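The values are calculated or read from the model by the stated rules, or taken from the named source; none is laboratory data. Keep in mind it's a predicted model, so treat the numbers as computed, not measured. A quick note on method: Cβ atoms are made from the backbone with ideal geometry, for glycine too, and the neighbour counts reach across all protein chains shown. The accessibility values were calculated without ligands, DNA or RNA, using every heavy atom of the protein model including side chains. Shrake-Rupley method; radii C 1.70, N 1.55, O 1.52, S 1.80 Å.
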Amino acid sequence: MKHDLRPTDIGIGLGSHDIGVAVRVTELYHQGVFPRVLFTGANAPTTVKRFPRGEAVHYREHALEHGVPDAAILIETEATNTAENFKLSRALLEVEGVEVGSAVLISRPYQERRSYATCRKLWPELDILCTSHRPPLDEYVAGIGDVDFVISMMVGDSQRMTLFAEYGYAIPQDVPDEVQAAYERLVAAGYTSRVIQT
């Protein structure tokens, strides 16, 4: 979303198959963008092989290995989708007595807008910025290790952008015509493993 980052109360790393979320959170923590980190995510069919102990747990381990102090990290280990990431993170912060008015949301590169739209719907009073670890596309795909998987995940995320707004999980977002056309071409080409059947 190309947000200009500024200091916030917390960084929220959204669970996924992408360790780049933890890389970006760690980088921003050390830059002083936020003093506290919350990693959220259980497991999903697309992540269990990569992160068998759970997404948030593996993210926390990466952050600890790269100098983020344990006292600065909270983890939420039950969320299995983006809506739950926000609902359960908010509940955890309330239980811990941590008040936040602003946050940087850190996700996969192609999940930034959907994260934004979901958070705006479910946690509207939170002042949010979005970012991600964004290496060059070829490097990103090589890091994941499976080009078809990455394309399928992007296709699924594109569908969810519109579908979840219709379901009431997110605020609507404008989808440019060329993005919709690309989505339709990729679905026609068979990249449908992450498409929700409606």
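Hey, can you tell me all the residues within the range 140-171 that are part of a loop (DSSP other than H, G, I, E, B) and under 25 Å from residue 21 (Cβ atoms)?
Filtering the range 140-171 down to residues part of a loop (DSSP other than H, G, I, E, B) leaves 145-146, 168-171.
The answer is 145, 146, 169, 170, 171.
Of the numbered conditions (1) under 25 Å from residue 150 (Cα atoms); (2) of a type outside the set (Phe, Trp, Tyr); (3) in contact with a helix residue (DSSP H, G or I) (Cβ under 9 Å, 6 or more places away or on another chain); (4) surrounded by 15 or more Cβ atoms within 10 Å (Cβ to Cβ), residue 68 satisfies every one except a single condition; which is it?
With (1) under 25 Å from residue 150 (Cα atoms); (2) of a type outside the set (Phe, Trp, Tyr); (3) in contact with a helix residue (DSSP H, G or I) (Cβ under 9 Å, 6 or more places away or on another chain); (4) surrounded by 15 or more Cβ atoms within 10 Å (Cβ to Cβ) applied to residue 68, the lone miss is (1).
Do we have residue 23 as out of contact with any Phe, Trp or Tyr (no Cβ under 8 Å at 6 or more places or on another chain), assigned to a loop (DSSP other than H, G, I, E, B), under 21 Å from residue 104 (Cβ atoms) and among the hydrophobic types (A, V, I, L, M, F, W, C) here?
For residue 23, the condition - out of contact with any Phe, Trp or Tyr (no Cβ under 8 Å at 6 or more places or on another chain), assigned to a loop (DSSP other than H, G, I, E, B), under 21 Å from residue 104 (Cβ atoms) and among the hydrophobic types (A, V, I, L, M, F, W, C) - is not met.
Hey, can you tell me all the residues within the range 126-136 that are touching a residue at least 12 places away in the same chain (Cβ under 8 Å) and either loosely packed, with under 15 Cβ neighbours inside 10 Å or part of a loop (DSSP other than H, G, I, E, B) (or both)? First the steps, then the outcome.
So in the range 126-136, the residues touching a residue at least 12 places away in the same chain (Cβ under 8 Å) come out as 126-135.
Within the range 126-136, 126, 127, 133, 134, 135 meet the criteria.
Inspect all residues belonging to the range 5-17 and state whether any of them is free of Cβ contacts under 8 Å to residues at least 60 places away in the same chain, within 13 Å of the chain's Cα centre (by Cα), surrounded by 15 or more Cβ atoms within 10 Å (Cβ to Cβ) and more than 15 Å from residue 128 (Cα to Cα).
no
Assess whether residue 61 counts as being touching a Ser or Thr at 6+ places or on another chain (Cβ under 6 Å) and over 11 Å from residue 106 (Cβ atoms). Before the answer, list the steps.
Values: touching a Ser or Thr at 6+ places or on another chain (Cβ under 6 Å): no; over 11 Å from residue 106 (Cβ atoms): yes.
Against the criterion (touching a Ser or Thr at 6+ places or on another chain (Cβ under 6 Å) and over 11 Å from residue 106 (Cβ atoms)), residue 61 does not qualify.
Answer yes or no as to whether residue 87 is among the basic types (Lys, Arg), under 28 Å from residue 174 (Cα atoms) and out of contact with any strand residue (DSSP E or B) (no Cβ under 6 Å at 6 or more places or on another chain). Give the steps one after another, and end with the answer.
Values: among the basic types (Lys, Arg): yes; under 28 Å from residue 174 (Cα atoms): yes; out of contact with any strand residue (DSSP E or B) (no Cβ under 6 Å at 6 or more places or on another chain): yes.
Yes.
Of all residues in the range 25-65, which are among the polar types (S, T, N, Q), surrounded by fewer than 19 Cβ atoms within 10 Å (Cβ to Cβ) and modelled with pLDDT of 95 or more? Please lay out each step first, then the result.
Step one: of the range 25-65, the residues among the polar types (S, T, N, Q) are 26, 31, 40, 43, 46-47.
Filter once more, keeping what is surrounded by fewer than 19 Cβ atoms within 10 Å (Cβ to Cβ): 31, 46.
Matches in the range 25-65: 31 only.
Look through the range 143-160, keep the residues that are charged (D, E, K, R) and open to solvent by 40 Å² or more (accessible area, probe 1.4 Å), and return whichever of them is modelled with the lowest pLDDT.
146
Looking only at the range 30-41, decide whether some residue is more than 14 Å from the chain's Cα centre (by Cα), free of Cβ contacts under 8 Å to residues at least 40 places away in the same chain, more than 20 Å from residue 154 (Cα to Cα) and not in a loop (DSSP other than H, G, I, E, B).
Yes.
Out of 48, 95, 68, report the one residue that is in contact (Cβ under 8 Å) with a residue 40 or more places away in the chain and among the β-branched types (Val, Ile, Thr). Explain how you work it out, then say what you get.
On the way: 48 fails: in contact (Cβ under 8 Å) with a residue 40 or more places away in the chain; 95 fails: in contact (Cβ under 8 Å) with a residue 40 or more places away in the chain.
Criteria check complete, one pass: 68.
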